[in-house]
Amino acid sequence: MKHDRILASEIAAYLRCPRLVYFRSRSGADEQKTIDTKYLSHLILKELALTHHHTAASDGTGDAGDAGSTVERLRTELKRIADELLVLYRAELSDVDHQMVLDAADSIDIDVIGSRISDYVRIIGKNALLMKITPCAVEYAMYSDALGIAGAPDKLVRIDGSVLPYLTRTGEKPEHGAWKPDRLQITAYAMLVEETFGQAVKYGIVEYARFFELREVNIKSRDRRRVLELRNRIRMIKDGRMPDRPRDAPCEFCAFEEGCTAQRSLASKFF
C-alpha cells in the first residue's frame, strides 16, 4: 500500500482521538487489545452479523415473520460461532479458553436481535430485507490512488443493481441515524465503491448489530469534503506531526496513554 494512502478506518480512529493515529503509525500496529468478555462479544457479534441473511432466508413463515423460529436459528448460529471463534482468531485469542468465549456468547441478547429481524420481515418483507443484508462480497479490499484512501467494508451488498457499502458496529446505537465516525467512515467506503465499480453511491448501510438496527446513511457532499479534509490531516500525522489531544479524549482505557503523557510532559518543557 502506498505511504500516502490512508485507511477508511483511520478516519474513525482520528475522530476518537487524533493521537491514536499518530501512535499507531509510529508503532506500526494497533494498540494491544484487552481480551475480555466485552471484546469477545464484539467479535462474536461481527461473525453473527455475517449470517443474518441465512437466518432470515430460513424463516418459513413468508413475510409474516416468526420471532420464535428466527431466535432458534440465531441460537444455532451463535453456538457454532462460539465453538469456532478460537479457530478463526487463533493467534489473537491464543490465551483465551472456550469457557470465556461461551460467557461472552451468553452476554448477547439473541431475543432482541431475533425480534428485530422479524420486525423487518413484517414491515418491509423478507425479500427486501434479504436484499439489504445479503453480501455480494465480505471484507472486499478497495484501493484508490486518486482518492488516497483504501479500505475493506464489512460487506458489500447489491440493491437494485447498485453496489453499496455496509458497516457493522457492535456498540450502542444512536437514537437516529449513525454516529459521526460511522457516517464518515461509510462515506469513505462509498467513495471507494464509486472509484472501484464506476457507479454513483447514494447511500450506505450501518448495522448496529447488538440490536439488529439498520441505518441508511445518505452520502452527502459535505461529508465527502470532510473525508478528504481528514485524509489530509491523517497524512500529516503519519509524516510525523504530533496532533493536539482533544479535551474529551478517551484516555482511561488507551494503551498509548503512558507514551502520550510522556510526550505532553516533554512538550511542556519547551512551551
Task: Gained length - Ser221 relative to Thr34, 0.36 nm times residue gap less alpha-carbon distance - done: 63.6 nm
Open item on the list: Apply the a/c threshold of 1.5 to the C-alpha gyration tensor of the chain and tell me whether it is rounded, prolate or oblate.
Closed with: oblate
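For an R0 of 30 angstrom, estimate the FRET efficiency from the Cβ-Cβ distance between Glu139 and Val112 and round to the nearest 0.05. Present the calculation step by step, with values, prior to reporting the outcome.
Details: r = 26 Å, r/R0 = 0.86.
Efficiency for this residue pair is about 0.70.
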Task: Nonlocal amide H pairs with Tyr89, under 5 Å, H built at 1.01 Å - done: none
Task: Entries in Lys173/Lys220; Lys33/Lys173; Lys173/Lys202; Lys155/Lys202; Lys38/Lys180; Lys46/Lys173 that, when Cα-Cα distance is taken, lie over 18 Å - done: Lys173/Lys220; Lys33/Lys173; Lys173/Lys202; Lys38/Lys180
Open item on the list: Using Cα springs under 10 Å in a Gaussian network model of the chain, which residue among Val121, Val163, Val87 shows the largest mean-square fluctuation?
Closed with: Val87
Open item on the list: Can you tell me the mean projection area, over all orientations, of the convex hull of region 33-133's alpha carbons? Units nm², please.
Closed with: 6.2
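Express in nm, to one decimal, how much length is gained between His98 and Arg158 on full extension, taking 0.36 nm for each residue of separation and deducting their alpha carbon distance.
On the way: separation 60, 0.36 × 60 = 21.60 nm, distance 3.62 nm.
Using 0.36 nm per residue and subtracting the Cα-Cα distance, I get 18.0 nm.
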Task: Residue among Glu47, Glu175, Glu213 with the largest mean-square fluctuation in a Gaussian network model of the chain, springs linking Cα atoms under 10 Å - done: Glu175
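Gain in length, His176 to Leu88, computed as 0.36 nm per residue apart minus the alpha-carbon separation, to one decimal in nm?
Values: separation 88, 0.36 × 88 = 31.68 nm, distance 3.35 nm.
Additional length available on full extension: 28.3 nm.
If each DSSP helix of 4+ residues adds -39,500 (n - 2.57) and the sum is divided by the residues in the chain, what number results at 222 nm, nearest 500 deg cm²/dmol? Mind showing how you got there, number by number?
Working: 11 runs with 140 residues, N = 271.
Calculated mean residue ellipticity at 222 nm is -16500 deg cm²/dmol.
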Open item on the list: If I histogram all Cα-Cα distances within region 134-226 using bins 10 Å wide from 0, what percent of pairs lands in each bin?
Closed with: 17, 54, 26, 2
Open item on the list: If packing is taken as the average count of other Cβ atoms within 10 Å, what order do 190-196, 106-112 fall into, highest mean first?
Closed with: 190-196, 106-112
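Coordinate-derived values only; no laboratory data. Given the structure is predicted, the values throughout are model-derived calculations rather than measurements. With ideal geometry, Cβ positions are generated from the backbone for all residues, glycine too; neighbour counts draw on all protein chains shown.
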